[in-house]
Amino acid sequence: MIWLMLLTLLSISLVCAFYGKKLMVWTVAMAVGIFIFAVSGSVSILSLVLVTAVFVSITIPLNFHPWRQQMISAPFLKQFRRMLPNMSETEQVALDAGTVGWEGELFAGKPNWQLLKKQPYLELTVEEQAFVDGPVEELCDMLNQWEITHRDADLNPETWEFIKHNRFLGMIIPKEYGGLGFSAMAHRAVLQKISSVSSVAGSHVAVPNSLGPGELLLHYGTEDQKNKYLPKLARGEEIPCFCLTGPTAGSDATSIPDYGIVCKGKYEGKEVLGMRLNFDKRYITLAPTATLVGVAFRLYDPDGLIGDKEDIGISLVLIPRKTKGLEIGKRHLPLNVPFQNGPVRGKDVFLPLDALIGGTAMAGQGWRMLIECLSVGRAISLPSCSTGGVKMSALATGAYARIRKQFSLPIGRFEGIEAALARIGANTYATSALSRMTATAVDLGEKPAVPSAIAKYHTTEMARDVISDAMDVHGGKGIILGPRNYLGRAWQGMPVWITVEGANILTRSLMIFGQGAIRCHPYVIKEIEAAKIENVTERINRFDQLLFSHIGFTIRNAVRSLVLGLSFGKFAAVPHDRKTAKYYQKLSRYSAALAFVSDIAMFTLGGKLKQKEHISARLGDVLSHLYICSSMLKRYESQGRPAADQAILAWAFHHAIYRIQIALQQVVDNFPNRPMRRVMNFVVFPFGRRERAPGDRLTHKVAQLLITPSDTRDRLTDGIYKSAKTGHPVGMMEVALPQVIHAEPLERKLLKALKNGEIKGFTWEEQLQDAIAGSIVTAEEADILIQVRKLVMEIIAVDEFDLEEIQAGRQTPAAKKDTQLENQHAA
Ligand SMILES: Cc1cc2nc3c(=O)[nH]c(=O)nc-3n(C[C@H](O)[C@H](O)[C@H](O)COP(=O)(O)OP(=O)(O)OC[C@H]3O[C@@H](n4cnc5c(N)ncnc54)[C@H](O)[C@@H]3O)c2cc1C
């Protein structure tokens, strides 16, 4: 009976922990349990006394606050204050910027799925949709990626004019200032469609609508600045660029050596109080063509002209192009994706103080302004451009894999190609769902700091994987550049997306979990704040309360992780649907595991966790994949759970869960504290590591969906440019695909006859004539075959050039003249 009693008390504890009940509830439940055994008389007095003594000695100090403060909280607080990470002002700003949304639920270990279900699935307004179907479609008709990247190294003047005239550069500027005032969803839809045709055009439209003068002015500009610049920016009369990066300050952007000194000087003929700036910036997008240059620099006031602070801090200024001392350098060439990009330098540039964005009041607030805006920009620009790129790759690769035949079969029927196609399909589904979710967060008024880092990193990484797979499937067709190549430039330009707006290794290693752990955690920020309270009594009271809630939280997550691991997620409260319940259960399980492991990592490593990038990167992977899976489920549910999409969702989901397992496994296996390694292994993987990568049958199903026209394929690639009107090669393939499929039975007849020796011709044309003569195909069927063969030959063709044509894009006028002379000599 004593064992039964202990088992009952353990069960009570587990149930209370699993549901996160308060300490007092647990105490009362345990007391009731002991009392029932006592009155039943089934347990010996000695056992009862022993159990009661242990119970009382634990619960009294825990529930009697002065004792527990003295015995537990005070010593812990002392240790905690020593362990506190040294947070620089810039790190503090990064942590303070932004809001916490769905990622907070995932990080806290017990996601409330109803909140995700309640989130709206936003659509475009009629006006926004009309813009996407009208001017955006028209712009796409005008874009020829080969001419842009090879011949002109720029958009042509008509295209620039069209972009400005239709206010593409003012999508985020409200209508009252002459902009389009679009929602984040519309902004996403526009960038997605343009980027599916040309990444250069995509960048040119994305940058002015992202972090830069427009957005900074909107949020922090003075009324005068807004009225002066926003209408011109919206109409494209001012082209903006924003300069943060310099030769010595890349990822570590706060270390910029660029400076301004507050002083008096002459401006437009008058003596005014202003600042003299010196700076050296590089990699600046749109700089070569910009008319309004935003610059980040550190402002100093050594003579105390505007206050008593000498080092005022990072500040932001707007400099008109014609300003004396401002030098816009020549152009950089970013990996043969020649969007406008180059260096900007300033030597003793004098400006009045009202050139500061937000005026003197915002001097020194530059880093906060940048970080606050970064989260919004990163949630939209690169995720939307990546979505356009991956959707185009999925559409084109699926079609090409069906059209291109080798060994008498469409290459998409080979298992090796199927593996690549399945990865493409799943990554496309995930990229699109993720970018939609972060854009939705922006439209719902959030500043999604952590999701935007997740979206920036994962959409660009998935895009890199998709483009690599697409290139492999296309073979030589992807490699030979020219007007017929729709992949090569995207593949070349991929490292640009990986590097800009926070390089990916840094984003994964430091930002996702680094920000997530502190921002999303329900107690850590509060504990840090409590530890800094001046008044000792207030400090210990507050810290004690938080510490015990935190301990309860950790125990709850440990128990949830273990119980959900043992029960394969069965006890998690999830939406009831036969097809998707098991997905939510898995996410609930790994959410609890993430919360538990994160707490252990923070507890055992303290401030050192910041340097343990292996650990924080992997925990960031877990949080990211939980978020991506949530976005995919949201998409699937909101689209009415289409049965035909189930295979793609399943592939993408199992792939993500498998990666969660790998990430957690690597954290556990490499955790520096050996005893904790054992505990974590037991709690997170009670039955071992049982997740499996998507199986071959599922891979086959997804690949088939990509190579056959269907609603699923349309949904997967919706919102991109698919028109064949201007001879766009991807649009042409879409036209050809149904015809190719229609002709497949006829081709099989021809092939069979050839194998059986019923037709004998050497060439394809002779074989077809034999087939007509032998009544193997009718004359009409032969016409179909001829027509389709013509289309196929056109699709698989690649470009060829004279030497001069290839050199044209590369040579300076002087070198070109030399080559012409050499050619004349040779002639
Ligand atoms: C085409 C292009 C356009 C750009 N446009 C603009 C623009 O318009 N305005 C602007 O201001 N800037 C712009 N940039 C700059 C861009 O934001 C920087 O390139 C980026 O911040 C990285 O800096 P870096 O290239 O100097 O690399 P580095 O900072 O030298 O980084 C090199 C590598 O080290 C990694 N790394 C650095 N620190 C850490 C760490 N603590 N942990 C782990 N890994 C780390 C990085 O992830 C990266 O992989 C542009 C860059 C390019 C290439």
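The values are calculated or read from the model by the stated rules, or taken from the named source; none is laboratory data. Values in this document were obtained by computation on a predicted structure and should not be read as measured data. Note that each Cβ is placed from the backbone with ideal geometry, even for glycine, and that neighbours are counted across all protein chains shown. Surface accessibility is based on the protein's heavy atoms, side chains included, excluding ligands, DNA and RNA. Shrake-Rupley method; radii C 1.70, N 1.55, O 1.52, S 1.80 Å.
Find the accessible area per residue for the chain; the probe is 1.4 Å, ligands and nucleic acids are left out, and the unit is Å².
Computed with neighbouring chains in place, this is 44 Å² per residue.
For residue 254, what charge total do you get from the other residues with a beta carbon under 13 Å from its beta carbon, if Lys and Arg give +1 and Asp and Glu give -1?
-3
Taking every pair of distinct Cα atoms and averaging 1/r, then inverting, what Kirkwood hydrodynamic radius in Å comes out for segment 533-619?
About 15.0 Å, per the Kirkwood formula over Cα pairs.
Suppose the chain between residue 697 and residue 789 were pulled fully straight at 0.36 nm per residue; how much longer would it get relative to their current alpha carbon spacing?
This chain segment gains 30.0 nm when fully extended.
Debye calculation, C-alpha points only, no solvent: report log10 I(q)/I(0) for segment 514-670 at q = 0.15, 0.21 Å⁻¹, in the same order as the q values.
Values, matching the q order: -0.86, -1.34.
Would you mind calculating the gained length between residue 308 and residue 8 on full extension (0.36 nm times residue separation, minus the Cα-Cα distance), in nm to one decimal?
The residue 308-residue 8 span can extend by a further 101.3 nm.
With the alpha-carbon atoms as the only input, what is the per residue convex hull volume for segment 178-219 in Å³?
On the way: hull volume 3.1 nm³, N = 42.
So the per-residue hull volume is 73 Å³.
Give, as a single signed number, the net charge of other residues whose beta carbon lies under 12 Å from the beta carbon of residue 131, with Lys and Arg counted +1 and Asp and Glu -1.
Surrounding charge for residue 131 is -3.
Starting at 0 and stepping by 10 Å, how many percent of the alpha carbon pairs of segment 673-785 end up in each bin?
Once binned at 10 Å, the Cα pair distances of segment 673-785 give 11, 23, 18, 20, 10, 8, 7, 3, 0.
Counting Lys +1, Arg +1, Asp -1, Glu -1, what net charge surrounds residue 185 among other residues with beta carbon under 11 Å of its beta carbon?
Net charge in that neighbourhood comes out at -1.
Where a ≥ b ≥ c are the square roots of the eigenvalues of the C-alpha gyration tensor, would you call segment 468-599 rounded, which needs a/c under 1.5, or, failing that, prolate if a/b is larger than b/c, or oblate? Please list the in-between numbers first.
Values: a/c = 4.82, a/b = 1.73, b/c = 2.79.
Here segment 468-599 falls in the oblate category.
How large is the helix-only mean residue ellipticity at 222 nm for the chain, computed as the sum of -39500 (n - 2.57) over DSSP H runs with n ≥ 4, divided by its residue count, in deg cm²/dmol to the nearest 500?
My calculation for the chain gives -19000 deg cm²/dmol from helical runs alone.
If packing is taken as the average count of other Cβ atoms within 10 Å, what order do 566-577, 794-805, 169-180 fall into, highest mean first? Could the numbers behind the result be given before it?
Details: 566-577: 15.1, 794-805: 12.6, 169-180: 20.6.
Those peptides, ordered most packed to least, come out 169-180, 566-577, 794-805.
Which residue, chosen from 36, 779, 351, occupies the Cα position most advanced towards the positive end of the dipole of the chain, where the dipole is computed from +1 (Lys, Arg) and -1 (Asp, Glu) charges on Cβ about the Cα centre?
Farthest along the dipole direction, towards plus: 36.
Using only Cα atoms, what Kirkwood radius does segment 382-527 have, in angstroms?
Computed over segment 382-527, the radius equals 16.6 Å.
What value in Å³ per residue do you get for the convex hull of the alpha-carbon atoms in segment 266-392?
Taking the convex hull of the Cα positions in segment 266-392, it is 116 Å³ per residue.
For segment 189-257, report the % of Cα-Cα distances exceeding 18 Å. Don't skip to the end; give the middle numbers.
Details: 1232 of 2346 pairs.
Percent of Cα pairs beyond 18 Å in segment 189-257: 53.
So, by mean Cβ neighbours within 10 angstrom, what's the order for 279-291, 446-458, 214-226 with the highest one leading? Mind showing how you got there, number by number?
Values: 279-291: 22.1, 446-458: 28.0, 214-226: 19.1.
Ranking the peptides 279-291, 446-458, 214-226 by packing returns 446-458, 279-291, 214-226.
In Å and on Cα atoms, what radius of gyration and Dmax does the chain show?
31.5, 114
Between residue 23 and residue 798, what length in nm is gained on full extension when 0.36 nm per residue of separation is reduced by their alpha carbon distance?
Working: separation 775, 0.36 × 775 = 279.00 nm, distance 7.15 nm.
In short, 271.8 nm is gained.
About its Cα centre, what dipole magnitude does the chain give when the only charges are +1 on Lys and Arg Cβ and -1 on Asp and Glu Cβ, stated in debye to the nearest 20?
The calculation lands at about 3080 debye.
What are the extents of the Cα atoms of segment 153-285 along their three principal axes, listed from largest to smallest and rounded to whole Å?
Principal extents (Cα only, largest first): 48, 35, 28 Å.
Any idea what Rg and Dmax come out to for segment 22-154 if you just take the C-alpha atoms, in Å?
31.3, 94
Convex hull over the alpha-carbon atoms of segment 349-394: what's its volume per residue in Å³?
Convex hull of Cα atoms, per residue: 101 Å³.
Which percent of the Cα-Cα distances in segment 619-706 go past 15 Å?
Numbers: 2498 of 3828 pairs.
When all Cα pairs of segment 619-706 are counted, 65 percent exceed 15 Å.
How big is Rg to Rh over segment 216-307, alpha-carbon atoms, Rh as the Kirkwood inverse-mean-distance radius? If you can, show how the numbers build up before the last one.
Numbers: Rg = 15.0 Å, Rh = 15.1 Å.
Rg divided by Rh gives 1.00.
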